[in-house]
Amino acid sequence: MEKIALVTGATSGIGEACAHIFAQNGFNLILLARRKEQLEKISHHLADKYDVKIISIVADVRDEKNLSTELEAIPEEWKKVDVLINNAGLSRGLDPINKGKIDDWDTMIDTNVKGLLYVTRIVSAWMVGHANGHIVNIGSIAGQEVYPNGNVYCATKHAVDALSKAMRIDLLPHGIRVSAVNPGMVETEFSMVRFNGDTDRAKKVYEGLEPLIADDIADAVWYVTSRPKHVNINDILVMPTAQATATIIKRKEN
Ligand code: NDP
Ligand code: 8X3
């Protein structure tokens, strides 16, 4: 059987771009996200274009029971996952700590930290069983720095950074590689989700600079996972040229 990659959050942005580049390179795919129609559209498109096999799983990474049922139900030969891309994630709101919305905090912690853990618990056990695999966690510049009002989102991405380091230690005896790919600003649905569909506010994030695009990050993920088996890229931070740190950004004047 050909190689298999499992991508969470495959309906948009970085996850969709990863699905594309792995299909292009002949991987069969397990794609997971909540939006059924979007997921099926992408799956059919990639399967037709690249002649690869795809299982699409409509699931919410926060729902541990359903996630576990859906993942464990896939045929045994599909559990030989070579690459897991833990990409599903989001930011909600940009408020100071004293004004943060508890719902937003719960959503970010449940998705970015607990959801990533739920998926990893299952897939890493498969990988250990086959003594093979590579886990790529999509972190962020927000996991290396904190910025005003980024509090809880930054905390979740710092947790992803810690988990990447911890997974690397725990999975070392099994020869399983663990890498973190940490992007700076990427223009995707991310800011629309953060600002709850406020298009004007979302557009402003990228105004006057050339942000990264999802394909830039998919390229980095592909680079990291296509090194020889004795090479592990621990982490990689990819920024737009116009962004030096989380907050120092060169914007063109209007
Ligand atoms: P998008 O909003 O474009 O994509 C997010 C993806 O995650 C979607 O496919 C969404 O699918 C999925 N998703 C969200 N919540 C869940 C859930 N509960 N269960 C399953 N899937 C879920 O954003 P990006 O592509 O930009 O984000 C991808 C990752 O990159 C995230 O972890 C984000 O934190 C990180 N990142 C993004 C940066 C940026 O500037 N854009 C910078 C640094 C890191 P659906 O709604 O169908 O479930
Ligand atoms: C997304 C990038 O700078 O908005 O992780 O936190 S940032």
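Mind ranking 159-167, 101-109 by how tightly packed they are, going by the mean number of other C-beta atoms within 10 angstrom, highest first?
159-167, 101-109
Share of the chain's accessible area from carbon and sulfur, percent, 1.4 Å?
Carbon and sulfur together cover 51 percent of it.
Which of I85, T8, A162 sits closest to the plus end of the dipole of the range 4-238, meaning its Cα is farthest towards the positive end, when Lys and Arg get +1 and Asp and Glu get -1 on the C-beta?
A162
How many percent of DSSP beta bridges within the chain run antiparallel, rounded to 5?
Looking only at bridges with both residues in the chain, the antiparallel portion is about 5 percent.
So how do Y206, Y50 rank on accessible area, 1.4 Å probe, biggest first, that is with the largest at the start?
My answer, sorted largest first, is Y50, Y206.
Using only Cα atoms, tell me the angle between helix 214-225 and the longest principal axis of the chain; keep it within 0 to 90° and round to the nearest 10.
On a 0 to 90 degree scale, this one is about 40.
Between the range 111-165 and the range 18-75, what's the alpha-carbon centroid distance in Å?
20
Using a/c under 1.5 as the rounded threshold, could you call the range 1-51 rounded, prolate or oblate? The axes a ≥ b ≥ c are square roots of the C-alpha gyration tensor eigenvalues, and prolate needs a/b larger than b/c, oblate otherwise.
Prolate, since a/c reaches 1.5 and a/b exceeds b/c.
Would you pull out the residues with amide H under 5 Å of I57's amide H, same chain only if 5 or more places away, H placed 1.01 Å from N?
L31, L32, A33
Between K53 and Q24, what length comes free when the chain is fully extended (0.36 nm per residue of separation minus the Cα-Cα distance, one decimal in nm)?
The span from K53 to Q24 would gain 9.2 nm if fully extended.
If you take every residue apart from I4 with its C-beta less than 11 Å away from the C-beta of I4, what net charge results, scoring Lys and Arg +1 and Asp and Glu -1?
Overall, the nearby charge balance is +1.
Listed highest first by mean packing, meaning other Cβ atoms within 10 Å per residue, what order do 112-125, 232-245, 133-146, 184-197 come in?
133-146, 112-125, 184-197, 232-245
With +1 assigned to the C-beta of every Lys and Arg and -1 to the C-beta of every Asp and Glu, and no other charges, what is the dipole magnitude of the range 4-238 about the Cα centre in debye, to the nearest 20?
About 420 debye.
What's the magnitude of the charge dipole for the range 69-155 around its Cα centre, counting Lys and Arg as +1 and Asp and Glu as -1 at the beta-carbon? Answer in Debye, nearest 20.
160
Give K41/K252; K157/K204; K99/K203; K49/K165; K157/K252; K41/K99 a once-over and call out the pairs whose C-alpha atoms are over 32 Å from each other.
Result: K41/K252; K49/K165; K41/K99 exceed 32 Å.
Pick from L90, L172, L29: which residue has the top mean-square fluctuation in a GNM of the chain where Cα pairs under 10 Å get a spring?
L172
Taking the Cα atoms of the chain alone, what are Rg (to one decimal) and Dmax (as a whole number) in Å?
So, for the chain, Rg and Dmax equal 17.6, 57 Å respectively.
Please work out the average accessible area per residue across the chain, using the 1.4 Å probe convention, and give it in Å².
I get 49 Å² per residue for this part.
Rounded to whole Hz and in sequence order, give me ³J(HN,Hα) for the range 189-205 from the Karplus expression 6.51 cos²θ - 1.76 cosθ + 1.60, θ = phi - 60°, writing x for Gly and Pro.
Rounded to whole hertz, the list is 7, 3, 6, 4, 6, 4, 9, 6, x, 7, 4, 4, 5, 5, 4, 4, 4.
Report the calculated FRET efficiency for K65 and K204 (r = Cβ-Cβ distance, R0 = 35 Å), to the nearest 0.05.
0.35
Quick one: Debye curve from the C-alpha atoms of the range 90-176, no solvent, what's log10 I(q)/I(0) at q = 0.11, 0.14, 0.18, 0.19 Å⁻¹?
Summing over Cα pairs of the range 90-176 leads to -0.35, -0.53, -0.76, -0.82.
Work from the charge dipole of the chain (Cβ charges, +1 for Lys and Arg, -1 for Asp and Glu, about the Cα centre) and give the residue of V178, A59, I21 farthest towards its positive end.
V178
Would you calculate the separation in nanometres between label points at V146 and A244, each defined as 7 Å from the Cα along the Cα-to-beta-carbon direction?
Modelled inter-label distance: 2.3 nm.
The values are calculated or read from the model by the stated rules, or taken from the named source; none is laboratory data. Bear in mind the structure is a predicted one, so any value in this text is a computation, not a measurement. Backbone-built Cβ (ideal geometry, glycine too); neighbour counts: all protein chains shown. Areas reflect the complete protein model, heavy atoms only, side chains present, ligands, DNA and RNA absent. Shrake-Rupley method; radii C 1.70, N 1.55, O 1.52, S 1.80 Å.
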